[in-house]
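Report on the following structure.
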Amino acid sequence: MKFPDWILQWSDLRSSRLWSTNTLGGLLSVSAGAYVLIEALDFSRIGSFMPNLVGWLLIVLGTALVLLQIIKPESGEVSREAVSGSYLRKISFIVLMSTWVAIIPKVGFLMTAILGLSATILIVPQLVFKRSVVAIEIAIATVIFSVIYGGMRFLLDVEFPSGWMI
Amino acid sequence: MELLAYLVNVFQASTFSLLMAGLVAGIVLGATPGLSSTFALAVMLPVTLAMGQLNALVFLGAVLMGSTYGGAFASILLNTPGTPQSVTTTFDGFPMAKRGDGDLALTIACLVSAFGGFAGVLAFVILAPPLAHIALQFGPPEMFWLALFGLTIIGSLSRGNLLKGLISGAIGLAISMMGIAIVSADARFTFGLPGLAGGVHIIPATVGLLCLPVLFDMLGDADHHLSSSVTTVRIRFRESLKAISSRASNLCQSTVAGTLIGILPGAGGAIASIVAYSFAKKQSVPKSGELAFGEGNPGGIIASESANNATVGGGLVPTLVLGIPGSPPDAVILAAMLIHGLQIGPSLFTNHGDIVYSFSAGMLIASVLLIPVGLLLGRLICHFVMRVTKTLLIPLIAFMTIVGAYSIRNNYYDVVMMMVIGVLGWILSRLGFPTAPIVLGFLLGPIAEQGFSQAYMIGSARNDVIGTFLGSGISIGLVTVILFILLMPLVKAGLISRKGLLEANDLSKTSGSSQ
């Protein structure tokens, strides 16, 4: 399966220099600050003190970040650690985990976990991709999950959402 | 002789075996991402109903001691704070694990946790009444300044661009405001969702910010194990002792800070480890070849772990002497004492002195036993995490983060918030914004806001707001330290530029005279 080019380009900041991340980050900070300030209008005097402070802080710091980038541009790239590795896998995993979390109330905690782990094992880089190896890994993970789930559910009395399965 | 009698009480077969069981259970529960010391104690509380007073307290004390240390496992090996107290352990512990020194980091954490725990309980035994008096001096203004002091570390945690670090801190403060405000009861940033009325809990937020971005990136690289450089996992005892002894002052000051902050109601292990880490980082001058704080310096683990374990003993001071639990785990200990028919307050030491001192002796023994038990369990867990392939490790961590986030309050919104904050943290880290200051802002924001709001209201009622904020010696002392920390870099920069100018003038004079 191949992701469309526009998704890969959007998610891949490897080619991006610090100027673009600084400008984008500064603008996002200003927007977040403005949102916090607008929301703070509805709060009481005591309750709005901290939101006002944080809102102005975000606006001032964000503006300073953008202005500094214009006046004294920072060169270089975002840290290698943050942008290395396969983006296809990372984005697939984020989508997978978000879906996993989203369907928990409908499908049930244990069943989503088993589905989620099976899908994750397929995304993680395999040493040697063999169906039998993947099946064994899924079986081992299912047993570990079930033991943890059983321990939490029956020994520690944690109530998990059951949905229409378990 | 009396002390010996109390120690003998603990070494009775049933009490001692319960102490060992509590220690192991505490370490295992604390090591599980998302399960806090409070959770561990709350789960174990019903188990104590069938026990006698001393056995119940010794068991719960061992669970508290073990779970506080257990938080270090997930922090070091997975960058996921097992408990809120161990957030700062991730800053240097995980970089050490990534370079293949996870076993060294765990050994150091175990030794300093035992030291911090022992010293904290000893301070409780010797200094309980005077320490309780100090705790009562801390009102809302002092708590506000203490939280502000903790926030000054944000600057030093910002690698690269300082502005981005400060913006991260502000984002953390913004996230901490979600939910019903403590003082004013305003519903803030809940987006009309009832599940957000209780705010974002500390565990989903820290797991989302610190663990999920690492998990996403872990999946991206082609290595099949967490650290490809690890060949053997062993207990690196001598190396750890060497690392600790060369940082003895860091260990002692962090332990003292942890004990003192532990006695402050409302502060707890998280703020203790942040303050201790902040102090240690500011004083550290990396030797040649030594990594800086935040990049895998053992000093970070020493500060964080000794301080958070020292709060265990410190927290007992207000709990047992005044009946005011300093932190949520202390509240469970207090509940256990009441359930078992012990009247809390200054008279506790005279009416039930044998129980209190035997309990303290049990805590001292638990902190000593933390070394063998913690090292052996640490080796096993480290071996598992380092050897198991990512195909099993990643889904297992993903599952544990979801379980941990959910089980704190049995609230599905906590899982959703963990995911949302995790993705936000990942995007921000890709834009070059560090996530550690977000966590600090999130942890300290509510303490600072509550302290400020209450102090402001008291000051307004008295018509003396400034006097309320700066009316005590503790407040003035804290403000002086904050100003010193904030102004020191500017003074340093000024001195350096002046020195540079003088040197340039001298140089031009010498070159002028030679011509």
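Coordinate-derived values only; no laboratory data. In this text the structure is predicted, and so the values were computed from the model without any measurement. Quick reminder, even Gly has a Cβ in these numbers, built from the backbone with ideal geometry, and neighbours come from all protein chains shown.
The residue list B:ALA272, B:MET337, B:GLY192 was ranked by how far each Cα lies along the charge dipole of chain B toward its positive end, using unit charges on Cβ atoms, and B:ALA272 comes out on top. Note on segment A:80-155: dipole from Cβ charges, positive end direction compared against A:TRP100, A:SER132, A:SER86; the farthest Cα belongs to A:SER86.
Relative to the present Cα-Cα distance, how much length would full extension add between B:VAL479 and B:ARG498 at 0.36 nm per residue of separation?
Working: separation 19, 0.36 × 19 = 6.84 nm, distance 2.77 nm.
My answer for the length gained is 4.1 nm.
Mean partner shielding of peptide A:138-150, defined as the number of other chain Cβ atoms within 10 Å of each residue Cβ, is 2.
Which shape class, rounded, prolate or oblate, goes with segment B:1-152 when its Cα gyration tensor gives a ≥ b ≥ c as root eigenvalues, a/c under 1.5 marks rounded, and past that a/b bigger than b/c marks prolate?
Working: a/c = 1.80, a/b = 1.19, b/c = 1.51.
Oblate.
Take B:VAL87, B:VAL491, B:VAL423 and order them by how many other Cβ atoms sit within 10 Å, fewest up front. Don't skip to the answer; put the middle values down first.
Values: B:VAL87 28, B:VAL491 10, B:VAL423 17.
Arranged by neighbour count, lowest to highest, B:VAL87, B:VAL491, B:VAL423 become B:VAL491, B:VAL423, B:VAL87.
With a 10 Å cut-off around each Cβ of A:86-95, the average count of Cβ atoms from other chains is 4. With the charge dipole of chain B set up from +1 on Lys and Arg Cβ and -1 on Asp and Glu Cβ about the Cα centre, the Cα lying farthest toward the positive end among the listed residues B:ILE175, B:GLY117, B:THR435 is that of B:THR435. Put simply, when B:294-306, B:331-343, A:53-65 are sorted by average Cβ atoms within 10 angstrom per residue, most first, you get B:294-306, A:53-65, B:331-343. Modelled label positions at B:ASN410 and B:VAL47, each set 7 Å beyond Cα in the direction of Cβ, lie 2.0 nm from each other.
Would you mind giving the mean number of other chain beta-carbons within 10 Å of the Cβ of each residue in B:181-187, as a whole number? Before the final figure, lay out each step's value.
Values: counts 8, 1, 5, 8, 3, 9, 3.
Average neighbour count from other chains, rounded to a whole number: 5.
Label separation (A:ALA64 vs A:PHE154): 5.8 nm, computed from points 7 Å beyond Cα along the C-beta direction.
Pairs of Cα atoms under 8 Å, at least six residues apart: use those to get the relative contact order of chain B, whole percent.
On the way: 921 pairs, mean separation 139.8, N = 515.
Computed value for chain B: 27 percent relative contact order.
Take the Cα of A:ALA34, step 7 Å toward its Cβ, do the same at B:ILE182, and the gap between the two points is 3.3 nm. Per residue, chain B reaches -24500 deg cm²/dmol at 222 nm when only DSSP H runs of four or more residues are counted, each adding -39500 (n - 2.57). Taking 20 Å as the cut-off, the amide N atoms of segment B:346-386 that come nearer than this to a point 7 Å along the Cα-to-beta-carbon line of B:PHE11 belong to B:354-373.
About the Cα centre of chain B, how large is the charge dipole given +1 on each Lys and Arg Cβ and -1 on each Asp and Glu Cβ? Please answer in debye to the nearest 20.
Details: 23 positive and 20 negative charges, 196 e Å.
Dipole about the Cα centre, nearest 20: 940 debye.
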